[in-house]
Amino acid sequence: AQSVTQPDIHITVSEGASLELRCNYSYGATPYLFWYVQSPGQGLQLLLKYFSGDTLVQGIKGFEAEFKRSQSSFNLRKPSVHWSDAAEYFCAVGLLTTSGTYKYIFGTGTRLKVLA
Amino acid sequence: ETGVTQTPRHLVMGMTNKKSLKCEQHLGHNAMYWYKQSAKKPLELMFVYNFKEQTENNSVPSRFSPECPNSSHLFLHLHTLQPEDSALYLCASSQEGAYEQYFGPGTRLTVT
């Protein structure tokens, strides 16, 4: 069965430090992969997505992610974290349904805390 | 209004009440979704509508009843809920065949 694992429930980094959030998936075919961010009291905002092609994808707010097929991973990175990046981050796999829509399988999320 | 809106943002209801959640998308999309977000659990897909037709029901209890009168509006009717139904309910929309879903801010539901 398809699944997404985010092994880190909480991560704390200092402002200005680099960040890497881990995501591993289980899916038989080439996956469509996403990272979303959720600030307190808000819905989910798309950070970036991977469908095919270049395995290093750039997103909004200075985030990037790298797809590694051999490791079934899609880790999210940022070279220098800002205090406003404190939020919860979700990795997801998109699956095409027979009706032509996509449904997501989400990970459990990683909550990021940023120290001043 | 832009994007996906949800009302109310917060709702407290007793187990015998009947209430409805509303979602409206202003993006011209054809597909709409209901998700449940509980603490320490992954987001759970509840229902999918494509061109007003329900295409997915993820074994959701019948005390949750969705309605999609048109491609822009989605409702979730609630009745005789249980305390474990307390959660953040998120609505999303997408263009048919498109990968990206756009989420609303959610309704925080508390069942007492």
Checklist entry - Do any residues in the stretch B:79-100 that are under 13 Å from B:Asn50 (Cβ atoms) and more than 14 Å from chain A (Cβ to nearest Cβ) have Cβ atoms under 9 Å from those of residues that are assigned to a loop (DSSP other than H, G, I, E, B) and not small (Gly, Ala, Ser), where the two are at least six apart or on different chains, and which pairs are they? => result none
Checklist entry - Take the residues of the stretch A:58-82 that are farther than 25 Å from B:Ala31 by Cβ and in a loop (DSSP other than H, G, I, E, B): which is nearest to the other protein chains (Cβ to nearest Cβ)? => result A:Phe63
Checklist entry - Is it the case that A:Tyr104 is closer than 24 Å to B:Pro105 by Cβ, buried (at least 21 other Cβ atoms within 10 Å of the Cβ) and at pLDDT 95 or above? => result no
Checklist outcome for this item: Given the conditions (1) buried (at least 19 other Cβ atoms within 10 Å of the Cβ); (2) among the hydroxyl-bearing types (Ser, Thr, Tyr); (3) closer than 14 Å to A:Gly43 by Cα, every one holds for B:Thr5 apart from (1)
Checklist entry - From the residues in the stretch A:83-101 that are surrounded by fewer than 15 Cβ atoms within 10 Å (Cβ to Cβ) and either farther than 14 Å from A:Ile11 by Cα or within 14 Å of chain B (Cβ to nearest Cβ) (or both), which one is nearest to the chain's Cα centre (by Cα)? => result A:Ser84
Checklist entry - So which residues in the stretch A:102-116 are in contact with a helix residue (DSSP H, G or I) (Cβ under 9 Å, 6 or more places away or on another chain) and either within 14 Å of another protein chain (Cβ to nearest Cβ) or assigned to a strand (DSSP E or B) (or both)? => result A:Leu112, A:Val114, A:Leu115
Checklist outcome for this item: Just one listed residue, out of A:Val114, A:Val81, A:Val13, is in contact with a Phe, Trp or Tyr (Cβ under 6 Å, 6 or more places away or on another chain) and either of a type in the set (A, V, I, L, M) or at pLDDT 95 or above (or both), and it is A:Val114
Checklist entry - Would a scan of the stretch B:20-31 turn up a residue that is more than 9 Å from every other protein chain (Cβ to nearest Cβ), closer than 14 Å to B:Leu90 by Cα and out of contact with any strand residue (DSSP E or B) (no Cβ under 7 Å at 6 or more places or on another chain)? => result no
Checklist entry - What do you reckon, is A:Leu48 away from chain B (no Cβ under 14 Å) and either assigned to a strand (DSSP E or B) or touching a residue at least 12 places away in the same chain (Cβ under 8 Å) (or both)? => result no
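The values are calculated or read from the model by the stated rules, or taken from the named source; none is laboratory data. None of these values were measured; they are calculated from a predicted model. Counting neighbours? That spans all protein chains shown, and the Cβs are built from the backbone with ideal geometry, glycine included.
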